[in-house]
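Novice: Pasting in a structure now, in structure tokens, and then I'll have a few things to ask.
The values are calculated or read from the model by the stated rules, or taken from the named source; none is laboratory data. All values reported here derive from a predicted model rather than from experimental measurement. Neighbour counts run over all protein chains shown; Cβ positions are idealised from the backbone, glycine included.
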Amino acid sequence: MTRTLRARRAKPRVFTYVMMVVLTIITIYPVVWMLGGSIKPADEIFSNPSPFTASPTLQNYVDGWAGAGVPFSVFLINSGIVAGLAVVGNVIACTLTAYGFARFDFRGKNVLFALVLLTVMLPKHVRLISEYIGFANIGLIDTFVPLILPHFLAIDGFFIFLLVQFIRGLPPELEEAARVDGCTEFGVFWRVVVPLLTPALVTTAILTFVQVYQDFFSQLIYLNSPENYTVPLGLRQFIDSTSSSAWGPVLAMSSVALVPVVVLFLIFQRRIIDGIATTGLKG
Amino acid sequence: MSKKLIAEANPLAALSPRAANAGSAKKPRQGQGYSARRGRIGLLFLAPWFVGILLLVIAPLIASAYFSLTDYDLITRPNFIGFDNYERMATDDRFWQSMKVTGTYVLFSVPFTLIASLAVAMLLKGGLKALSFFRLVFYLPSLLGASVAIAVVWRQMFSGDGLINGLLALVGIDGPAWVSNPDYSLGTVILLAIWQFGSPMVIFLAGLKQIPESLYDAAALDGASRIQVFRNVTLPLLSPVIFFNLVLGFINAFQAFTPAFIISGGSGGPADSNLFITLYLFQQGFGALDMGYAAALAWVLVIVVGLVTAVNFALQKYWVFYEDRT
């Protein structure tokens, strides 16, 4: 870039920075306000819109933790089980599928791959109604099975697509070399491809976790009894059973609900953002 | 060249008929027997997916279509009632209300989110030192926005004595009870969608990075203004990415559920102003146990999403620029 060009772009920088800082405040304010409200005494939450308080308290967390009848820890554990197993299933099934699509040629492959992309676009409700009827008929309502099993069958086309993109970016020579050395096809996949895929698998795992952890619709239809509730259901139960003025504990439990996602995001932010960027472009 | 990469890698481009071969790997042809055997091994890797697509996608789709022609209530045997469920929609005011609410939401949330995300991406791409910080902050809402927790926070923020009215009171404005007022309630849900502009923004930033700097330098040498550069360099080269965000934005917006459910306490209120189609089919299927009608509503949603996506694809040839095809 030439000197003049740089000079031309230098001036709007200040303007850009000011804009970005203002936008940052607007963007982050709801979250900061939620955290602030969660440690304010009841009478102060709405009397001042500032997130800060002179007399912080943890009472809201104490009240909220038991507020839904079942301790909030039960919801966190249930969510952990559902989302954790969904991650395991999704990583295994989507990786196998993606490798099959990325590295093998067979008849009808383009049609099948188009089917993968179509499942990304298909509203899940049309599936869920029949799936619900099916699971109801075999007595699996109010269990975690309907929430976990589908992830072991690679129904999330989004991640298949993400991994196909990534595998296509790997040099095929390494796999050829392993094949020449007498490795079986599964050995090539397991010993050569999977280790190279680690970054994409981390992205898949994190995004699956976040998605399943926050999924509301399917958990709402499948889980009925409070001791099986996951975090979104527990939170909803809590706001339904709380008077509208008890906002401190509600904000406290909302904060607790978001902690796992925020922590994962802070640890793996690069992977997550690169993964999202990859879906729109190339791997 | 990088434009070609965008075009090739864009998953939606892979679906268009002109790119029918985009999915096939470029490999040297080997002996016939060898490749057929390898093909069969490939199919083995797809085994879980085959089971999933048959049992959890295709079969449920067909079953839903069948149930939509019955009066199934989960308890008694389904009776075949032809197209009664679909005819019922024609005179069902709440169905039309749900279409209106969903349509309004989609028409406002998708374009505004895209414009906001593109504008911020353009501002950020100049190579600010703090780029990664801003990208981080702006992306966070996309990760949190679909949660019940944020919907709860939103409900509190926009309630009569909530944060927003607290802020408005500072400048002497007496705001309405946003979430419980039918005129504003849907607006708060739309705002929540726009708040999540970070996800398309990240994709735009990656797309902008693929546009070669030399094109901007050439345009600058020719004395092009900023607006001319944006219209003649940035927009066309970014159009496949805009298309991707647009199509996915529409598909996702039609399926919005959680915020409307939480803000309205599951009712779709006030005065059905938050009665999204997903919420209505939930009420019909899992509240009233009218699975037949819910299945019909779900199929209408599929058809609407399919039509909108098809129209998007049909229109792309007028504005989406793929270098290798023009």
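Novice: Go through region A:216-252 and count every residue that is charged (D, E, K, R), surrounded by fewer than 23 Cβ atoms within 10 Å (Cβ to Cβ) and at the interface with chain B (Cβ under 9 Å from one of its Cβ atoms).
Specialist: Residues that pass the stated criteria total 1.
So that you can scan it fast, the table gives a plain yes or no per residue for (1) within 18 Å of the chain's Cα centre (by Cα); (2) farther than 30 Å from B:Pro78 by Cα; (3) buried (at least 24 other Cβ atoms within 10 Å of the Cβ):
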| position | (1), (2), (3) |
| --- | --- |
| B:Pro240 | yes, yes, yes |
| B:Ile251 | yes, yes, no |
| B:Ile263 | no, yes, yes |
| B:Asp272 | no, no, no |
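Novice: What is the number of the single condition among (1) surrounded by fewer than 18 Cβ atoms within 10 Å (Cβ to Cβ); (2) under 18 Å from B:Phe108 (Cβ atoms) that B:Gln196 does not meet?
Specialist: (1)
Novice: Now for a different question. Just the residues that are touching a helix residue (DSSP H, G or I) at 6+ places or on another chain (Cβ under 8 Å), closer than 17 Å to B:Arg38 by Cα and away from every other protein chain (no Cβ under 13 Å), please, taken from region A:175-196.
Specialist: A:Ala178
Novice: Taking helices (runs of 4 or more DSSP H) that fall entirely within region B:179-289, which contain at least 1 residues that are in contact (Cβ under 8 Å) with a residue 24 or more places away in the chain, of a type in the set (Gly, Ala, Ser) and more than 9 Å from chain A (Cβ to nearest Cβ)?
Specialist: B:185-195, B:235-254, B:258-263
Novice: What tally of residues in region B:89-105 results from selecting those that are in contact (Cβ under 8 Å) with a residue 40 or more places away in the chain and surrounded by fewer than 23 Cβ atoms within 10 Å (Cβ to Cβ)?
Specialist: The number of residues fulfilling the criteria is 6.
Novice: I've got another one for you. Helices (runs of 4 or more DSSP H) wholly in region B:30-140 with at least 3 residues that are small (Gly, Ala, Ser) - which ones?
Specialist: Working: elements: B:32-45, B:47-52, B:59-67, B:84-90, B:93-125.
It comes to B:32-45, B:59-67, B:93-125.
Novice: Would you mind telling me which numbered condition in (1) within 20 Å of B:Gly187 (Cβ to Cβ); (2) at the interface with chain A (Cβ under 9 Å from one of its Cβ atoms); (3) assigned to a helix (DSSP H, G or I) B:Ala146 fails?
Specialist: Among (1) within 20 Å of B:Gly187 (Cβ to Cβ); (2) at the interface with chain A (Cβ under 9 Å from one of its Cβ atoms); (3) assigned to a helix (DSSP H, G or I), the lone unmet condition for B:Ala146 is (3).
Novice: Considering only residues that are of a type in the set (Val, Ile, Thr) and farther than 14 Å from A:Gln165 by Cα, look in region A:96-132 and name the one that is surrounded by the most Cβ atoms within 10 Å (Cβ to Cβ).
Specialist: Per the stated criteria, the residue is A:Ile129.
Novice: Please count how many residues of region A:219-270 are among the polar types (S, T, N, Q) and not in a loop (DSSP other than H, G, I, E, B).
Specialist: Adding up the residues that qualify gives 7.
Novice: Moving on. Return the only residue of B:Leu69, B:Leu46, B:Leu56 being over 25 Å from the mean Cα position of the chain (by Cα), within 7 Å of chain A (Cβ to nearest Cβ) and crowded, with 17+ Cβ neighbours inside 10 Å.
Specialist: Exactly one residue qualifies, and that residue is B:Leu46.
Novice: With surrounded by fewer than 18 Cβ atoms within 10 Å (Cβ to Cβ), outside any loop (DSSP other than H, G, I, E, B), outside the structural domain of A:Thr230 (by TED's automatic domain parsing) and not aromatic (Phe, Trp, Tyr) as the only criterion, which of A:Val62, A:Val31 stands out?
Specialist: Being surrounded by fewer than 18 Cβ atoms within 10 Å (Cβ to Cβ), outside any loop (DSSP other than H, G, I, E, B), outside the structural domain of A:Thr230 (by TED's automatic domain parsing) and not aromatic (Phe, Trp, Tyr) holds for just one of A:Val62, A:Val31, which is A:Val62.
Novice: Does region A:180-191 contain at least one residue that is closer than 22 Å to A:Leu112 by Cα, touching a residue at least 12 places away in the same chain (Cβ under 8 Å) and more than 16 Å from the chain's Cα centre (by Cα)? Spell out the reasoning first.
Specialist: Looking only at region A:180-191, we keep the residues that are closer than 22 Å to A:Leu112 by Cα, and these are A:185-186, A:189.
When the remaining residues are screened for being touching a residue at least 12 places away in the same chain (Cβ under 8 Å), the result is A:189.
Next, only the ones that are more than 16 Å from the chain's Cα centre (by Cα) stay: A:189.
Looking for residues that are closer than 22 Å to A:Leu112 by Cα, touching a residue at least 12 places away in the same chain (Cβ under 8 Å) and more than 16 Å from the chain's Cα centre (by Cα), one finds at least one in region A:180-191, hence yes.
Novice: If you take the residues of region A:253-269 that are over 11 Å from A:Ile206 (Cβ atoms) and facing chain B (nearest Cβ under 7 Å), which of them is farthest from the chain's Cα centre (by Cα)?
Specialist: Applying the filter and picking the extreme gives A:Ser254.
Novice: Also, quick follow-up: Scan the helices (runs of 4 or more DSSP H) fully inside region A:83-179 and keep the ones with 1 or more residues being closer than 28 Å to B:Leu307 by Cβ, assigned by TED's automatic domain parsing to the domain that holds A:Val192 and under 19 Å from the mean Cα position of the chain (by Cα).
Specialist: Of the helices (runs of 4 or more DSSP H) lying wholly inside region A:83-179, those with at least 1 residues that are closer than 28 Å to B:Leu307 by Cβ, assigned by TED's automatic domain parsing to the domain that holds A:Val192 and under 19 Å from the mean Cα position of the chain (by Cα) span A:109-121, A:124-137, A:157-168.
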